[in-house]
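Read the structure below first, then the notes.
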Amino acid sequence: MGLLSKKDAKLITDPLSDDNPITIQVLGICSALAITAELEASIVMAVSVMFVLGVGNVVISLMRNIIPSKIRIIVQLIVVATLVIIVDLVLKAFAYELSKTLSVFVGLIITNCIIMGRFEAFALANGPWRSFLDGIGNSLGYGLILILVGFFRELLGSGTLLGYKVLGDPIELTGLYAFGYENNGFMLLSPMALIIVGLIIWVQRSRNTSLIEDE
Amino acid sequence: MEQLELFFKSIFIDNMVFATFLGMCSYLAVSKKVKTAVGLGAAVIFVLAVTVPLNWLLDQYILRDGALVWLGPEYAQYDLSFLSFILFIATIATMVQLVEIVVEKFSPSLYNSLGIFLPLIAVNCAILGGSLFMQSREIETLGLALNYGISSGIGWFLAILAIAAIREKIRYSNVPGPLRGLGITFIITGLMAIGFMSFGGMLTTSGENEEATSETTVSKAEGINKEKIESTQIVEVSTIK
């Protein structure tokens, strides 16, 4: 990457694997789990968080020297809430059906711990450009897990991806269904999201054993 | 009757953690010991009981479409509901600060036990989620809103208490290395959520859409059977050992 120095590039690549916000830092789980029954909803959520975190990190980083530390939580909440209102109104205007599916979880981006966590840990101590990269990197890491979970849940649960029937038609019995394959409706229920994230953590930590917790 | 139904519904069926995954961050982070889990759980019940009715009043008299009509008929056309996020979160943040100050003044012992958790709660999604669900489910009276706040707090409390107790015990078992800690907690929570789904059939008799609920109970019953099979497998494994 010619545009970014090595240190800056690390800000983007680290959260994708070894410092992933969901599986390592344990931030932002709530929304990650509730809306991942469909791939499309996962992608929209990931993009929304990327917008809020990227812009929010820059704003907080620009204001970091004038925010009194006692009321910083409220200032941060106001910044996030404003950005989330923008996202919510845009979704309602251009993707109304989707915003119904996401329901309150768009609003819950405000209290998504990733956002507050990155504000506190990074944007308050670094300049705007680095904060922006950090925001993009972390939301990419978050989006990666979201999209993985959404991919498996939609594929195994309803046999579709983004609404396209990739495994054939269950009623006309084409594709895989001709061989007696059936959708696993259980994947669409919310507990499966937790179990899939658990399995992702398992895979990730067995590939990189330095991440294993010793309790 | 309505009160009682809402009470049990928000504790068991719409449990904050197991049905809607709210407050997962602190649920996972603070559930290593039962004692701290109880502290945080109590604080969540407390804050939800204060903020949900307050936000209900805000929603009813300021934010809703035409809610400003009490100021005069010319205000009837205003719909401020797009401001609800910012107003709700501001209420929550200030209430948490206020509760902290009041508790510190009048009950230092309670303050010491809740102490560190209170400021954490302002950014707990269970609290904002409680208010947003209260708004989207269109809860009708102030009493019901108070009830909803308290009972969903109790549901959250139950969940964190249960997972903390399990995590204290699981330390003695031989979990595969990569799953240790976070991974196994996720999977246990998933199994607990499947267990909580069995409460889904509890209040169906008074529901209007019985056909829809019977369908979901069938799919839930499948889930329960699976869990039973799994738990019997676990028992078998442990007896073999």
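The values are calculated or read from the model by the stated rules, or taken from the named source; none is laboratory data. Keep in mind that this is a model prediction, so the values were computed, not measured. Don't worry about glycine lacking a Cβ; one is built from the backbone with ideal geometry, like all the others, and counts go over all protein chains shown. Remember, those area values only see protein heavy atoms, side chains included, never the ligands or the DNA or RNA. Shrake-Rupley method; radii C 1.70, N 1.55, O 1.52, S 1.80 Å.
General remarks:
- Among the residues of segment A:163-185, those identified as surrounded by fewer than 17 Cβ atoms within 10 Å (Cβ to Cβ) and in a helix (DSSP H, G or I) are A:Gly175, A:Leu176, A:Ala178, A:Phe179, A:Gly185.
- Against the criterion of being open to solvent by less than 10 Å² (accessible area, probe 1.4 Å), among the aliphatic types (A, V, I, L, M), within 11 Å of chain B (Cβ to nearest Cβ) and touching a Leu at 6+ places or on another chain (Cβ under 6 Å), A:Ile109 does not qualify.
- Verdict on B:Ile150 being away from chain A (no Cβ under 12 Å), of a type in the set (A, V, I, L, M) and open to solvent by less than 40 Å² (accessible area, probe 1.4 Å): no
- Scan of segment A:158-208 for residues that are more than 14 Å from chain B (Cβ to nearest Cβ) and hydroxyl-bearing (Ser, Thr, Tyr), ordered by number: A:Thr160, A:Tyr164, A:Thr174, A:Tyr177, A:Tyr181
- Extreme residue, nearest to the other protein chains (Cβ to nearest Cβ), among residues of segment B:15-53 that are open to solvent by 40 Å² or more (accessible area, probe 1.4 Å) and not in a helix (DSSP H, G or I): B:Lys32
- Any chance A:Ser139 is open to solvent by 30 Å² or more (accessible area, probe 1.4 Å) and polar (S, T, N, Q): no
- Positions within segment A:74-84 being at the interface with chain B (Cβ under 9 Å from one of its Cβ atoms) and either open to solvent by 20 Å² or more (accessible area, probe 1.4 Å) or acidic (Asp, Glu) (or both), in sequence order: A:Ile74, A:Ile78, A:Thr82
- All positions within segment A:114-129 that are in contact with a Ser or Thr (Cβ under 8 Å, 6 or more places away or on another chain) and surrounded by fewer than 24 Cβ atoms within 10 Å (Cβ to Cβ): A:Phe122, A:Leu124, A:Asn126, A:Gly127, A:Pro128
- Reported count of residues in segment A:161-197, each being closer than 30 Å to B:Gly181 by Cα and of a type outside the set (A, V, I, L, M, F, W, C), is 4.
- Search result, residues across segment A:37-72 that are among the β-branched types (Val, Ile, Thr) and touching a Phe, Trp or Tyr at 6+ places or on another chain (Cβ under 9 Å): A:Val49, A:Val55, A:Val58, A:Ile60
- Test: A:Ile71 is open to solvent by 60 Å² or more (accessible area, probe 1.4 Å), within 9 Å of chain B (Cβ to nearest Cβ) and closer than 18 Å to B:Ile92 by Cβ: no
- Candidate set: segment A:11-55, residues that are among the hydroxyl-bearing types (Ser, Thr, Tyr) and either within 11 Å of A:Ile109 (Cα to Cα) or surrounded by fewer than 23 Cβ atoms within 10 Å (Cβ to Cβ) (or both); chosen: the one farthest from the other protein chains (Cβ to nearest Cβ): A:Thr13
- Just one residue in the set B:Val30, B:Val34 is on the phi < 0 side of the Ramachandran plot and in contact with an Asp or Glu (Cβ under 7 Å, 6 or more places away or on another chain); that residue is B:Val34.
- Residues (small (Gly, Ala, Ser), at the interface with chain A (Cβ under 9 Å from one of its Cβ atoms) and either on the phi > 0 side of the Ramachandran plot or within 16 Å of the chain's Cα centre (by Cα) (or both)) located in segment B:159-198: B:Gly181, B:Gly190, B:Ala193
- Any hit, segment B:110-129, residues being polar (S, T, N, Q) and within 14 Å of chain A (Cβ to nearest Cβ): yes
- Options B:Trp70, B:Trp56: the member that is touching a residue at least 60 places away in the same chain (Cβ under 8 Å), in a helix (DSSP H, G or I) and more than 24 Å from B:Leu158 (Cα to Cα): B:Trp56
- Residues considered: A:Leu140, A:Leu148. Of these, the only one that is assigned to a helix (DSSP H, G or I), touching a residue at least 60 places away in the same chain (Cβ under 8 Å) and aliphatic (A, V, I, L, M) is A:Leu140.
- Residues in segment B:68-96 that are under 16 Å from A:Met116 (Cβ atoms) and loosely packed, with under 14 Cβ neighbours inside 10 Å: there are none.
- Some residue of segment A:196-209 being touching a residue at least 12 places away in the same chain (Cβ under 8 Å), within 19 Å of the chain's Cα centre (by Cα), open to solvent by 10 Å² or more (accessible area, probe 1.4 Å) and within 16 Å of A:Gln25 (Cα to Cα): yes
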